[in-house]
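In what follows, a single structure is set out as structure tokens and then discussed.
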Amino acid sequence: MEKKSFYIGFPKSYDEIRYYASELLEGRAVIINMSGLSAKDQEKYRVYMSGFIFAVQGKMEEISTDVLLVVPSTVGLTSDTFIQEGLPFD
């Protein structure tokens, strides 16, 4: 069975961030819906993922104020991909 090229997560605490980083290392894009986090933890996620994605030469897009798309260099997803498929984020 082939693994999905992306993972959608709804973290409830900052402690879960390592899981999302490991998904990226496995070659999967990660959509992180941070609506369940405090504003402080959301900012910590953005900072951590910015540094992590720089280190693995990927990219990060903010889909909405609470949703991040984090993509390793091996995956060709962008926010436009989801908009074209009719998957709203707001």
**OP:** Only residues in the range 54-72 that are closer than 13 Å to PHE6 by Cβ count as the first member; pair them with residues that are charged (D, E, K, R) and surrounded by 13 or more Cβ atoms within 10 Å (Cβ to Cβ), Cβ under 8 angstrom, at least 6 apart or cross-chain, and list the lot.
**Re:** LEU68/ARG46; LEU68/GLU61; LEU69/GLU61; VAL70/LYS59; VAL71/LYS59; VAL71/GLU61; PRO72/ARG28
Original post:
Do you know which of the residues in the range 5-19 that are under 15 Å from VAL75 (Cα atoms) and hydroxyl-bearing (Ser, Thr, Tyr) is most open to solvent (accessible area, probe 1.4 Å)?
Top reply: TYR7
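Within the range 24-50, track down each residue that is charged (D, E, K, R) and in contact with a Pro (Cβ under 9 Å, 6 or more places away or on another chain). Don't jump to the end; show me each part of the working.
Narrowing the range 24-50 to residues charged (D, E, K, R): 26, 28, 40-41, 43-44, 46.
Result: GLU26, ARG28, ASP41.
I'd like the full set of residues that are among the β-branched types (Val, Ile, Thr), farther than 17 Å from PHE54 by Cα and in contact (Cβ under 8 Å) with a residue 40 or more places away in the chain, limited to the range 6-30.
Initial filter on the range 6-30 (among the β-branched types (Val, Ile, Thr)): 8, 17, 30.
From what is left, the residues that are farther than 17 Å from PHE54 by Cα are 8.
If the condition is that a residue be among the β-branched types (Val, Ile, Thr), farther than 17 Å from PHE54 by Cα and in contact (Cβ under 8 Å) with a residue 40 or more places away in the chain, then no residue fits.
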Subject >> Filter result (within 12 Å of the chain's Cα centre (by Cα) and either assigned to a helix (DSSP H, G or I) or not charged (D, E, K, R) (or both)) within the range 28-41 >> reply: ALA29, VAL30, ILE31, ILE32, ASN33, MET34
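The values are calculated or read from the model by the stated rules, or taken from the named source; none is laboratory data. In this text the structure is predicted, and so the values were computed from the model without any measurement. Here the Cβ is made from the backbone with ideal geometry for all residues, glycine too, and neighbour counts use every protein chain on show. These accessible areas exclude ligands, DNA and RNA; they are computed on the full protein's heavy atoms, side chains included. Shrake-Rupley method; radii C 1.70, N 1.55, O 1.52, S 1.80 Å.
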